[in-house]
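These notes concern the structure reproduced below.
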Amino acid sequence: MKRNRLYNDLAHLWPLFDPPEEYAQEAAFWRQALREKLGPGRHQVLELGVGGGHLLSHLAADVQATAVDISEGMLAHSIKLNPGVEHHVGDMRSVRLGRTFKAVLIHDAISYILTEEDLRATFATARAHLEPGGLIITVPDWFRETFKGTSVDHHTRTREGKELTYVQYVTDPDPADTTIETIFIYIIKEGGQVQIEQDRHITGLFSLETWLELLAQAGFETEARPYPVYDDDDEGYLLVGVLK
Ligand SMILES: C[S@@+](CC[C@H](N)C(=O)[O-])C[C@H]1O[C@@H](n2cnc3c(N)ncnc32)[C@H](O)[C@@H]1O
């Protein structure tokens, strides 16, 4: 089964899969951390793994943003939604824009980093784009300590005459490694036709201790703030780090 189709040949589903308005509650936590750590002003900020720019759409008025993603299909959504933002294709593990920012934001895209080595590379990217005192904010979808094991979830959403129902099955096939697996079944109803597609996503699973340790090794002094935004009251942490 092909991987990450939602960000490639099925990227057209993204605004229906997880609409921008769903991100308002999360954005409030990011806005608060930015204001608290950077003070007033419309600061220069870099988002790595911006996806469709749904989170960023709630922050774009507060910051001067530059955005990077590995998928051109996802960037196309963000370009449409966030016209004032400069966009680049790039891999967060290696991209170098040759400039620095006041903050580097990595929303749920950080979950696509699968090994400690790649997390180190990603934090080195953040560091290369920050002055001392700069901020990193990131939010892994899952932590080893709070991962509940196999789960199934489903949603139906409608927009502009198209209906998407998806079933999401999450599991940890090998608890000894640093990844979990999510299978999506998409049922797309449009123009009197029903189409079914499947997709597989492999994402990282690390302990909170590992996140804090790797961020410390990269030079960030990091706090894990409660992030009570998930369905089913799943626990999460917003990691807010300052470069020493
Ligand atoms: C869940 S989506 C992000 C959605 C985004 N938070 C939003 O508000 O629309 C995850 C994104 O991570 C991107 N991604 C995955 N691995 C990446 C990498 N190594 N470098 C840059 N982007 C990456 C994918 O292309 C995808 O757009």
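As a summary of the residue check, Glu160 satisfies the conditions (1) surrounded by 15 or more Cβ atoms within 10 Å (Cβ to Cβ); (2) at pLDDT below 95; (3) farther than 24 Å from Ala27 by Cα except for the one numbered (1). Comparison of Thr138, Thr158 shows that the only residue that is closer than 21 Å to Ser57 by Cβ and within 15 Å of the ligand (Cβ to nearest atom) is Thr138.
Scanning region 170-200 for residues that are among the aliphatic types (A, V, I, L, M) and either touching a Phe, Trp or Tyr at 6+ places or on another chain (Cβ under 9 Å) or touching a residue at least 12 places away in the same chain (Cβ under 8 Å) (or both) yields Val170, Ile180, Ile183, Ile185, Ile187, Ile188, Ile196. Could you pull out the residue among Ala76, Ala124, Ala109, Ala65 that is surrounded by 19 or more Cβ atoms within 10 Å (Cβ to Cβ) and over 15 Å from the mean Cα position of the chain (by Cα)? Selected residue: Ala65, the only one of Ala76, Ala124, Ala109, Ala65 that is surrounded by 19 or more Cβ atoms within 10 Å (Cβ to Cβ) and over 15 Å from the mean Cα position of the chain (by Cα). Within region 20-39, residues that are at pLDDT 95 or above have Cβ atoms under 6 Å from residues that are part of a helix (DSSP H, G or I) and within 16 Å of the ligand (Cβ to nearest atom) in these pairs: Pro20/Ser57; Tyr23/His58; Ala24/His58; Ala27/His58, counting only partners at least 6 apart in sequence or on another chain.
Restricting Arg93, Arg99 to residues that are touching a helix residue (DSSP H, G or I) at 6+ places or on another chain (Cβ under 8 Å), assigned by TED's automatic domain parsing to the domain that holds Phe220 and among the charged types (D, E, K, R) narrows the list to Arg93.
The values are calculated or read from the model by the stated rules, or taken from the named source; none is laboratory data. Remember, it's a predicted structure, so these values are computed and weren't measured experimentally. Quick reminder, even Gly has a Cβ in these numbers, built from the backbone with ideal geometry, and neighbours come from all protein chains shown.
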